[in-house]
1. For region 118-262, count the residues as N, evaluate 2.2 N^0.38 Å, and divide the Cα radius of gyration by that value, please.
2. In nm, what is the difference between 0.36 nm times the number of residues separating Arg138 and Ser31 and their Cα-Cα distance?
3. Could you compute the net charge surrounding Thr180? Neighbours are other residues with a C-beta less than 12 Å from the C-beta of Thr180; K and R count +1, D and E count -1.
4. Share of antiparallel DSSP beta bridges in the chain, in percent to the nearest 5?
5. Per-residue counts of other Cβ atoms within 10 Å, averaged by peptide: what ranking do you get for 67-77, 208-218, 116-126, highest first?
6. Expressed as cubic angstrom per residue, what is the convex hull volume of the alpha carbon set of region 11-141?
7. Report the relative contact order of the chain, percent, no decimals, based on alpha-carbon pairs under 8 angstrom and at least 6 residues apart.
8. Tell me the Kirkwood radius of region 20-259: reciprocal of the mean inverse pair distance over distinct alpha-carbon atoms, in Å.
Amino acid sequence: MIPGRARVHGVLGLTGDDGVVPDVEPGPVVSGTFASAARRTTVGWSVIYPPGSPAARLPVVLVLHGRGGDHTSAINDLGIDRYLAAAVSAGTRPFALATVDGGPDNYWHRRATGDDPHRMLTEEFLPLLTKRGLKTSRYGVLGWSMGGYGGLLLAADVKAPQVAAVAAMSPALWHHVDDTTPGSYDGADDFAAHQLFGRAADLKDIAVRIDCGRDDPFAGATRDLRSEVPAEGGLEAGIHTAGYWRRMLPEQLGFLGGKLPN
């Protein structure tokens with residue numbers, strides 16, 4: 001990548017406009033906490049419903065936050081509750097979004113500390129959502145940055161038919177462990193064990209969408225993954241910011257709504 005390219009493109013207006021949170025009334029949000037044995041801590045969660053839809057028996061999409069975030073980031077940083085309301089108002093089939101604390105920097109996989117957000121999602125959070133009346137036998141996954149990688153990893157590990165669709169924005173992808181963000185993996189073996197490259201067969205029969213800005217530091221690796229995995233979406237003007245993710249949310253939510261089971 002050309003040094004300073006993203007900055008220059010930003011000055012020239014070539015990175016695209018920031019997404020604007022829709023000026024609509026959001027649906028209800030229910031939040032709580034639970035003691036996670038898998039993460040060995042108390043985690044927070046929220047379920048975001050579209051307006052005018054029953055709180056029970058909706059399909060659900062797990063929402064995986066980025067590095068440094070938590071279960072509140074989807075609403076506070078992206079306004080996803082309003083984007084969901086706008087999508088359903090525009091004709092997308094209603095579904096719920098379920099966010100949860102995955103840890104600020106564990107990259108959504110089991111770590112040497114014993115912190116296991118993957119097991120938390122599948123063995124603790126999904127059963128909680130089932131008890132709340134949501135449809136979890138087949139579900140979707142949405143994530144950005146660290147959570148975009150985590151969503152794709154979860155889909156590849158769980159596979160179809162349990163995961164019906166996965167949508168990722170700017171997934172945090174690297175080819176070499178030496179290039180990774182410090183702390184994202186526990187070393188070369190951990191990096192190799194949680195790779196996405198070479199796993200196209202594990203995503204077979206799952207609807208996949210992957211979007212990334214062309215000036216994003218993960219653009220090259222994202223392009224390489226898209227060459228392996230059949231996926232909707234693509235690389236467009238943009239950088240690694242909440243403004244870009246907000247711009248892409250309408251298409252990402254529309255994609256998921258069209259792929260979830262009734």
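Any read-out appearing in this document is the output of simple, stated calculations on the displayed coordinates, not a laboratory observation. Predicted model only: the values in this text are computed from it and were never measured. Because the Cβ atoms are built from the backbone with ideal geometry, glycine has one as well, and the counts that use them run over all protein chains shown.
1. Scaled against compact globular proteins, the figure is 1.03.
2. Result for the pair: 36.3 nm of gain on full extension.
3. -4
4. Bridges in the chain are about 30 percent antiparallel.
5. The packing order, highest mean first, is 208-218, 116-126, 67-77.
6. Dividing the Cα hull volume of region 11-141 by its residue count gives 130 Å³.
7. For the chain, the relative contact order is 22 percent.
8. For region 20-259, the Kirkwood estimate is 17.6 Å.
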